[in-house]
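The values are calculated or read from the model by the stated rules, or taken from the named source; none is laboratory data. Owing to the predicted nature of the structure, the values given are computational and were not obtained by experimental measurement. Virtual Cβ from ideal backbone geometry, glycine too; neighbours counted across all protein chains shown.
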Amino acid sequence: MRRDATHADARLARWLVAPALLVVTGVALVPAAATAWEALHRHDLRLPWLGTPFVGLANFAEALGDPRFAAALARTMLFAAVSVPIELACGLALALVMHHLVRGRAIARVGALLPWAIPTVVAALAWRFFFETSDPGGVGWLTRPVAAWVPIVAADVWKTTPFVAVLLLAGLQTIDPALYDAARVDGASPARQLVTITLPLLAPALVVAAAFRTLDALRLFDLPYVMTAGGPGTATEPLSLYAFVALMQRLRVGYGSALSICVFLLALGVAMAAVRALGRAAPGGHA
Amino acid sequence: MHTGRLLLACLAVVAACGDASGPRLTFSGSDVGAEGAVIRAQLDRFAARHPGVRVELRLTPDAADQRHQLYVQWLNARAEEPDVLQLDIIWTAEFAAAGWLRPLGAPDDIEDFLPAALEADRWQGSLYAVPWFVDAGLLYWRRDLLGAPPSTLDELREDAERAMRTGAVSAGLVWQGARYEGLVTVFLEHLVAFGGAILDARGRVRVDEPPAVRALTFMRDSVTGQGLVPRAALAWQEEQTRFAFQNGDALFMRNWPYAWALVQDARQSRVAGQVGVAVFPGADGGRPAAALGGAQLAVNRYTEEPDLAEALVTFLTAPEQMLERAQAAAQLPARRSLYATDALAAALPLPIDEIRAVLEAAVPRPVTPVYSELSELLQVRLHRALTGQEAPDEALRGAADAIRDLLARTGLAASDPPAPEPAE
């Protein structure tokens with residue numbers, strides 16, 4: 001009897017999951033597989049007389065020997081390494097403030113979330129106008145290889161700190177206030193409380209926030225696309241923007257697909273590392 | 001299967017409806033401002049002359065990149081429409097080589113079209129498009145600060161330095177320095193001024209040769225050395241350049257003819273009535289040059305109405321239609337004979353003598369099917385040199401190597417006709 005019921009439940013479960021699986025297959029797996037298939041061909045929309053021969057991993061080999069690809073990859077990782085810690089630190093500070101607010105919590109939260117609600121392209125345009133000038137005496141932020149990163153990182157931090165803050169705020173609210181009471185009785189300073197209670201118990205939320213932000217940062221596209229178009233030269237061109245140039249501007253479908261697959265693999269690697277880290281950081285998790 | 005048949009039936013019905021009034025032509029092109037009204041009127045007139053024929057305007061994005069992308073998708077899918085396409089001057093070779101355009105019979109009066117524009121419309125000896133209107137880079141100058149435009153680049157620099165020293169302007173010269181297609185046209189004018197070329201007539205890459213290095217060095221020094229061109233201009237396109245010039249900040253501006261009406265408009269410009277135009281001057285070993293832009297008309301290879309489509313191209317590129325377009329949209333006709341007429345002089349807001357001189361100096365960009373990628377490779381290296389990340393000779397060597405690789409990879413390297421020369 002019981003066995004049958006379990007069996008029926010399992011069948012029902014499969015039917016219930018099927019639509020979601022179908023959607024995931026349709027919108028994620030099929031396009032990814034099609035892109036991977038394109039990446040194995042030489043396919044240039046502008047040169048139809050060359051045909052679309054199967055070339056194996058030749059596109060990936062070309063990417064490995066392409067200095068612009070290597071530079072874009074390094075740049076993308078550097079951007080993630082710089083912007084994500086800043087966002088985590090600012091997000092934590094903002095979350096602590098919101099957590100300890102006695103009055104006006106709702107208003108503070110809505111206000112803090114506003115930058116997150118603005119579309120990235122709109123935010124990027126606003127930041128670009130802020131740094132760009134049609135005055136001949138201007139500094140020319142966007143014309144300097146290192147300085148051009150300042151508006152990009154600033155816009156990214158400004159826009160995504162609220163997201164981090166809200167995630168961490170949720171984490172803060174799950175910490176038992178009794179722990180702080182006990183710490184205060186024992187005479188622990190606020191700094192000590194932060195280090196020994198808040199941060200360890202917040203670790204899962206921090207890992208989630210770091211993982212989301214890192215994944216996003218590795219796919220960086222719209223901010224430099226709008227603000228610098230990858231310039232000066234290619235000094236602010238991340239991997240996704242280079243893939244876009246290859247695919248949509250040069251119309252090299254094969255090579256552009258190979259670059260997109262590289263972005264995908266990079267993000268996948270980080271996502272898997274994050275899942276493992278989350279397992280470790282979760283209460284009762286194992287290394 | 002059933003849905004397929006149903007779909008076919010629906011299509012047949014739709015097609016039958018379409019056929020009810022005879023053959024149909026679609027034209028796709030620009031619809032911005034006055035252009036839309038004049039092209040609609042002209043298409044209607046063509047339809048009136050061909051009873052039973054319907055002509056439709058297919059709207060496409062204004063941004064050149066987006067329109068290009070859309071055309072490539074349509075033609076790559078062998079779409080039968082649009083039958084007649086408005087092409088940017090730098091696309092014709094690409095589309096012709098891809099087999100997407102119908103070769104056209106030479107118009108009887110082909111001699112009348114501007115040679116530089118025709119050059120961009122030929123691919124491997126055949127004509128694939130007919131010049132429609134042209135655009136050319138101009139040197140705008142301030143009549144209130146200068147008696148005459150400079151006749152050499154050295155003079156231009158001296159004039160600019162003097163004006164900056166007296167404090168009359170904060171910038172000597174402004175041009176489009178952002179990393180995009182406009183930068184290539186600015187570079188081309190400097191390049192020809194110093195006697196260089198990007199590709200030569202046989203398609204060999206020449207952009208790393210000494211005249212090119214001198215040209216890019218001049219541009220780089222204009223930004224860093226004397227500060228003739230403001231650093232901020234390295235992020236500017238046409239409009240930012242125009243703002244700086246019409247605010248009275250610059251003595252010279254390199255820009256397209258569209259800016260004329262705007263900088264002469266007292267409601268928005270502080271220099272209205274004080275502006276002249278001239279051709280961008282040459283330097284030692286070169287000649288004055290104006291980068292050529294503009295639009296061409298071509299016929300879709302897969303059209304169902306080839307004769308009618310070609311007739312529409314002939315109609316739209318006839319002198320009367322060009323003149324009407326010049327009057328309505330201030331676009332420069334691609335026919336030389338019109339520049340001798342009083343009608344055009346009266347129609348164009350720009351001074352016609354200067355425009356004639358500029359068009360005589362017109363230089364097309366390289367005519368090659370891989371132009372847009374070639375241009376992008378060049379843009380990156382030019383911008384690196386101008387922003388101080390690479391020396392000009394190093395940047396141009398890098399660009400030339402990348403362009404040679406591109407031509408070799410796509411089978412377009414210069415060795416095909418007529419007899420291969422031994423490698424140097």
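Screening A:ILE175 on (1) buried (at least 19 other Cβ atoms within 10 Å of the Cβ); (2) outside any helix (DSSP H, G or I); (3) of a type in the set (A, V, I, L, M) shows it passes everything except condition (1).
Of the residues B:ARG165, B:ARG142, only one is over 21 Å from the mean Cα position of the chain (by Cα) and modelled with pLDDT of 95 or more; which? Explain how you work it out, then say what you get.
Values: B:ARG165 fails: modelled with pLDDT of 95 or more.
Being over 21 Å from the mean Cα position of the chain (by Cα) and modelled with pLDDT of 95 or more holds for just one of B:ARG165, B:ARG142, which is B:ARG142.
Criterion first (under 30 Å from B:TRP74 (Cβ atoms), modelled with pLDDT of 95 or more and either out of contact with any helix residue (DSSP H, G or I) (no Cβ under 9 Å at 6 or more places or on another chain) or not charged (D, E, K, R) (or both)) does B:VAL275 satisfy it? It is false that B:VAL275 is under 30 Å from B:TRP74 (Cβ atoms), modelled with pLDDT of 95 or more and either out of contact with any helix residue (DSSP H, G or I) (no Cβ under 9 Å at 6 or more places or on another chain) or not charged (D, E, K, R) (or both). Only one entry of B:ALA298, B:ALA309, B:ALA250 meets the criterion of being surrounded by 22 or more Cβ atoms within 10 Å (Cβ to Cβ), in the same structural domain as B:ARG102 (by TED's automatic domain parsing) and over 23 Å from the mean Cα position of the chain (by Cα), and that entry is B:ALA309. Scanning region B:219-239 for residues that are surrounded by fewer than 20 Cβ atoms within 10 Å (Cβ to Cβ) and either within 12 Å of another protein chain (Cβ to nearest Cβ) or of a type outside the set (Gly, Ala, Ser) (or both) yields B:ASP221, B:THR224, B:GLN226, B:GLY227, B:GLN237, B:GLU238, B:GLU239.
Going by the conditions given, is A:PRO145 outside any helix (DSSP H, G or I), within 14 Å of another protein chain (Cβ to nearest Cβ) and in contact (Cβ under 8 Å) with a residue 40 or more places away in the chain? Yes: the conditions hold for A:PRO145. A:ARG75 falls short on exactly one of the conditions (1) in contact with a helix residue (DSSP H, G or I) (Cβ under 6 Å, 6 or more places away or on another chain); (2) closer than 30 Å to B:ALA402 by Cα, and that condition is (1).
Per-residue answers, yes or no, for (1) aliphatic (A, V, I, L, M); (2) in contact with a helix residue (DSSP H, G or I) (Cβ under 9 Å, 6 or more places away or on another chain):
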| residue | (1), (2) |
| --- | --- |
| B:ALA290 | yes, yes |
| B:GLN296 | no, yes |
| B:GLU304 | no, no |
| B:PHE315 | no, yes |
| B:ALA326 | yes, yes |
| B:ARG336 | no, yes |
| B:ALA340 | yes, yes |
| B:LEU344 | yes, yes |
| B:ALA347 | yes, yes |
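Could you tell me whether B:GLN379 is polar (S, T, N, Q), touching a residue at least 12 places away in the same chain (Cβ under 8 Å) and within 13 Å of another protein chain (Cβ to nearest Cβ)? When the stated conditions are applied, B:GLN379 passes them.
Of the strands (runs of 3 or more DSSP E) lying entirely inside region B:109-182, those containing at least 2 residues that are more than 30 Å from B:GLY99 (Cα to Cα) and either among the aromatic types (Phe, Trp, Tyr) or touching a Cys at 6+ places or on another chain (Cβ under 8 Å) (or both) are B:138-142. In region B:247-258, the residues that are within 10 Å of B:LEU139 (Cα to Cα) and more than 11 Å from chain A (Cβ to nearest Cβ) reach residues that are among the hydroxyl-bearing types (Ser, Thr, Tyr) and not in a strand (DSSP E or B) with C-beta atoms within less than 6 angstrom, at least six apart or across chains, in these pairs: B:MET253/B:THR241; B:ASN255/B:THR241. Close Cβ contacts (under 8 Å, 6 or more residues apart or on different chains) running from residues in region B:97-110 that are within 18 Å of B:PRO306 (Cα to Cα) and more than 13 Å from chain A (Cβ to nearest Cβ) to residues that are in a loop (DSSP other than H, G, I, E, B) and basic (Lys, Arg) comprise B:ARG102/B:ARG301.
In the condition set (1) within 14 Å of another protein chain (Cβ to nearest Cβ); (2) β-branched (Val, Ile, Thr); (3) buried (at least 17 other Cβ atoms within 10 Å of the Cβ), A:VAL139 is compliant with all but (3). Evaluate the following for B:ALA266: is it modelled with pLDDT under 95, surrounded by 22 or more Cβ atoms within 10 Å (Cβ to Cβ) and either more than 13 Å from chain A (Cβ to nearest Cβ) or under 25 Å from B:GLU158 (Cβ atoms) (or both)? Criteria not met by B:ALA266. The selection criterion, being touching a Leu at 6+ places or on another chain (Cβ under 7 Å) and in contact (Cβ under 8 Å) with a residue 12 or more places away in the chain, does not hold for B:PRO230. Note on region A:2-120: enclosed helices (runs of 4 or more DSSP H) holding 2 or more residues that are within 14 Å of another protein chain (Cβ to nearest Cβ) and under 30 Å from A:SER260 (Cβ atoms) are A:58-64, A:67-100.
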